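Here's the structure we're looking at; comments come further down.
The values are calculated or read from the model by the stated rules, or taken from the named source; none is laboratory data. Since the model is a prediction, treat every value here as computed from it, not as a measurement. Ideal geometry is used to build each Cβ from the backbone, glycine not excepted, and the neighbour counts take in all protein chains shown. Heavy atoms of the whole protein, side chains included, go into the accessibility calculation; ligands, DNA and RNA do not. Shrake-Rupley method; radii C 1.70, N 1.55, O 1.52, S 1.80 Å.
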2 protein chains.
Amino acid sequence: MSDDTKSLVRSTALRLFRERGYAATTMRAIAQEAGVATGNAYYHFASKDHLVQELYLDVTREHAVAARSVLAQGGDLTARLRGVMLAGVDAFAEYHAFGAEFVTVAIRPGSAASPFSAESSESRELSQALFRDLVEEASPEVPTVLRDELPELLWLAQLGVTLFWVYDGSPGQRRTRTLVEGAAPLIGRLVRLSRLPVLRGAADDMLALVRAVRS
Amino acid sequence: MSDDTKSLVRSTALRLFRERGYAATTMRAIAQEAGVATGNAYYHFASKDHLVQELYLDVTREHAVAARSVLAQGGDLTARLRGVMLAGVDAFAEYHAFGAEFVTVAIRPGSAASPFSAESSESRELSQALFRDLVEEASPEVPTVLRDELPELLWLAQLGVTLFWVYDGSPGQRRTRTLVEGAAPLIGRLVRLSRLPVLRGAADDMLALVRAVRS
DNA sequence: ATGTTCAGTTGAACATGTTCAACTCGATGC
DNA sequence: GCATCGAGTTGAACATGTTCAACTGAACAT
């Protein structure tokens with residue numbers, strides 16, 4: 001019964017999260033709806049955060065699928081970045097009403113649902129692989145110096161866009177889409193310009209900074 | 001007694017927050033330590049978040065004082081930005097152990113302690129005025145095109161640095177300081193370069209984006 | 001004096017995340 | 001067959017943020 005129970009609790013939790021949001025979905029409601037005792041949910045999932053983490057993984061997978069089909073179409077860095085990020089906005093759209101709650105939970109450093117947490121490694125890898133592909137298979141090619149660091153920077157940028165999205169109250173999250181539509185070509189242009197001697201120094205400094213900060 | 005009680009609750013809460021952090025400071029403990037009933041704290045402060053907001057205001061004020069004395073020394077954009085941001089890291093340093101909790105609370109869109117909330121307008125204004133001064137009184141002067149938008153962008157950058165700081169587990173938050181030491185000259189350089197014809201287009205696009213996204 | 005009002009205060013009650021001692025029951029060992 | 005073990009399960013208990021009906025007492029009106 002264990003595996004069955006675990007996946008039953010998970011699917012019930014995800015359904016309730018989707019229907020009611022984070023705060024309105026109590027652990028008691030999840031357990032009751034799944035037909036198990038409250039404590040049983042805790043036997044399978046260490047905390048409510050861990051259930052949110054399951055939702056996060058779910059949404060990441062949806063995003064990955066959509067993004068893969070965007071990336072399969074080729075294109076330059078700008079087009080690919082725009083496509084992947086807009087696919088992200090779409091994947092998240094369903095949750096915008098509760099998005100704030102979820103991101104709040106996810107951003108807490110100790111949280112299992114944090115994009116940086118060990119528990120989230122699966123979704124993090126999935127997502128970061130996306131951005132590696134985005135950069136590496138772009139044509140025309142991204143300058144070699146940038147190729148190592150850019151994927152992670154873009155992944156961070158996506159987290160930033162998500163944070164913006166949380167605060168975006170415009171209908172259909174139009175402002176977030178505007179941000180992506182504007183930022184993608186801007187980043188594409190800066191990457192191209194990084195080859196120029198005037199900017200080469202700034203680009204090198206930036207890469208050095210990223211490496212210094214990481215260690 | 002009302003005003004007395006209110007400020008007593010506030011100072012007790014702030015003391016306990018400093019001593020024990022956010023989660024370990026219960027509303028009951030605050031009330032008990034202040035010698036009032038639990039419900040009384042709620043009569044004066046709508047929620048625990050509102051008490052955190054008081055702490056946020058306190059820290060912002062400390063930062064403003066330190067930053068003002070940095071700005072009084074003149075200097076170029078890089079030096080001023082570096083000084084103000086490092087003063088911020090210092091002002092926050094005392095809370096790093098609990099910083100994660102506080103920022104988590106502060107970032108929740110509905111929270112009173114959110115930097116974007118109506119309740120935080122006082123600290124937000126205080127902080128944004130700092131960055132306006134930082135930009136406007138810098139010498140050599142910041143290019144005119146940038147002068148309107150740059151202060152708010154730098155204020156947002158400071159929020160970003162704070163977010164980084166939350167996740168920074170290095171001793172003395174060395175990585176955050178490294179980030180500031182590296183980012184300040186980088187931003188200074190990019191601002192100077194924005195005058196060049198090659199970058200002028202990118203700079204204009206970025207400003208247009210900021211304006212488009214804001215509305 | 002007496003009654004009225006109301007800001008300030010009280011503490012019990014409530015909802016919810018989480019913990020835990022006890023129970024079930026199939027598998028395993030003898 | 002019987003005892004033992006332990007993964008899985010139960011529901012009551014606990015801690016804490018928050019709410020609320022009731023109480024207090026000073027200020028004011030009559």
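The accessible surface of segment A:6-122, taken with every protein chain in place and a 1.4 Å probe, is 54 percent carbon and sulfur. Note on A:Glu33 and A:Glu152: with the Förster distance fixed at 41 Å, the Cβ-Cβ geometry gives a FRET efficiency of about 0.55.
Dipole magnitude for segment B:47-214: about 540 debye, using +1 per Lys or Arg Cβ and -1 per Asp or Glu Cβ, origin at the Cα centre. Taking the charge dipole of the protein assembly as shown about its Cα centre, with +1 at Lys and Arg Cβ atoms and -1 at Asp and Glu Cβ atoms, the residue from A:Ala67, B:Ile107, B:Ser170 reaching farthest to the positive side is A:Ala67. A viscosity of 1.002 mPa s and a temperature of 20 °C, combined with the Kirkwood radius over Cα pairs in Stokes-Einstein, give a translational diffusion coefficient for chain A of 114 µm²/s. For B:Gly35, inter-copy separations between label points set 7 Å beyond Cα along the Cβ vector come to 5.9 nm, shortest first.
In the assembled protein chains, B:Ile187 presents an accessible area of approximately 50 Å² (probe radius 1.4 Å). Structural size metrics of segment A:1-113, computed from C-alpha coordinates, are Rg and Dmax of 16.3, 53 Å.
With its label point defined 7 Å out from Cα along the Cα-to-Cβ axis, B:Phe116 lies at 2.1 nm from the matching points of the other copies, in increasing order. Simple point charges give the picture: +1 on the Cβ of Lys and Arg, -1 on the Cβ of Asp and Glu, and for segment B:1-138 a dipole about the Cα centre of about 300 debye.
Of B:Asp76, A:Asp4, the residue with the largest accessible area leads and the full order is A:Asp4, B:Asp76 (1.4 Å probe). In chain A the longest region clear of GluC sites (Glu not before Pro) that are loop-assigned by DSSP and have at most 13 other C-beta atoms within 10 Å covers A:1-93.
Can you figure out the FRET efficiency of A:Arg18 with A:Leu196, using R₀ = 51 Å and their beta-carbon distance, to the nearest 0.05? Taking R0 as 51 Å, the efficiency between A:Arg18 and A:Leu196 is 0.60. A label point on B:Ala129, set 7 Å along the Cα-to-Cβ line, lies at 5.3 nm from each of its counterparts in the other copies, closest listed first.
Counting partner chain Cβ atoms within 10 Å of every residue's Cβ in A:204-214, what's the average?
Mean inter-chain Cβ contacts per residue within 10 Å come to 4.
Using 17 Å as the cut-off for backbone N distance, which residues of segment B:27-69 belong to the label zone defined by a point 7 Å from the Cα of B:Glu125 along Cα→Cβ? Under cut-off, by backbone N: B:54, B:57-58, B:60-62, B:64-65.
The modelled label-to-label distance between A:Arg132 and A:Val145, using points 7 Å beyond Cα along the C-beta direction, is 2.4 nm.
The alpha-carbon of A:Lys48 sits under 16 angstrom from the alpha-carbons of these lysines, leaving out residues fewer than 8 places away in its chain: A:Lys6. Accessible area of B:His44 (1.4 Å probe, protein heavy atoms only, ligands and nucleic acids ignored): about 30 Å². Counting Cβ atoms of other protein chains within 10 Å of each residue's Cβ and taking the mean over peptide B:166-173 gives 1. Give me the percent relative contact order of segment A:1-45, please, defined on Cα pairs under 8 angstrom at least 6 residues apart. In percent, rounded to a whole number, it is 38. Each Lys and Arg Cβ is given +1 and each Asp and Glu Cβ -1; about its Cα centre, the protein assembly as shown then shows a dipole of about 300 debye. Neighbours of A:Leu14 by Cβ distance under 13 Å: Lys/Arg scored +1, Asp/Glu scored -1, total +1. Average 1/r across all pairs of distinct alpha carbons in the protein assembly as shown, invert it, and you get the Kirkwood radius: 23.6 Å.
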